Amino acid sequence: MYVREFTNYGETILAVCDEEVLGVTLEEGGVKLYVDPAFYLGRRVSLDEAMDLVERSTIANIVGRRAVEEAVRRGLICRDAVKYFQGVPHAQVVKVE
């Protein structure tokens with residue numbers, strides 16, 4: 001699993017993806033999702049570490065079956081918020097205080 005952290009205007013933005021989807025272009029209903037290494041390729045981490053980082057981030061983009069399913073299981077995202085591209089789940093998290 002790869003994670004990459006960015007900080008912008010005091011927000012912590014996290015990109016998370018399963019290894020097998022990195023660099024892949026997915027399409028669903030005329031919408032394309034490119035899992036761009038320039039955005040997602042960062043540190044290789046365990047699933048637990050990735051989820052800990054999601055919990056601490058203010059914005060997260062998550063792609064891949066393992067990452068998204070674990071985020072749903074932990075209550076970090078609602079299953080209804082998950083979008084699928086060629087069967088691969090994608091979710092975005094924005095925390096508002």
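If you scan segment 26-60, which residues turn out to be hydrophobic (A, V, I, L, M, F, W, C) and in a helix (DSSP H, G or I)? Write out each step before concluding.
If we filter segment 26-60 for residues that are hydrophobic (A, V, I, L, M, F, W, C), which is where we start, we get 26, 31, 33, 35, 38-39, 41, 45, 47, 50-51, 53-54, 59-60.
Those that are hydrophobic (A, V, I, L, M, F, W, C) and in a helix (DSSP H, G or I): A38, F39, L47, A50, M51, L53, V54.
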- Query: Just checking, how many residues over segment 38-97 are in contact (Cβ under 8 Å) with a residue 40 or more places away in the chain and touching a Cys at 6+ places or on another chain (Cβ under 8 Å)?
  - Reply: 4
- Task: Filter segment 11-38 for residues that are within 16 Å of E55 (Cα to Cα) and surrounded by fewer than 16 Cβ atoms within 10 Å (Cβ to Cβ) and give the result.
- Result: E11, T12
- Item | Residue list for segment 10-25, filter: hydrophobic (A, V, I, L, M, F, W, C) and either in a loop (DSSP other than H, G, I, E, B) or in contact with a His (Cβ under 8 Å, 6 or more places away or on another chain) (or both) | L22, V24
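Each value in this text was obtained by applying a stated rule to the coordinates, not by laboratory testing. Computed from a prediction, not measured in an experiment: that's the story for all the values here. With ideal geometry, Cβ positions are generated from the backbone for all residues, glycine too; neighbour counts draw on all protein chains shown.
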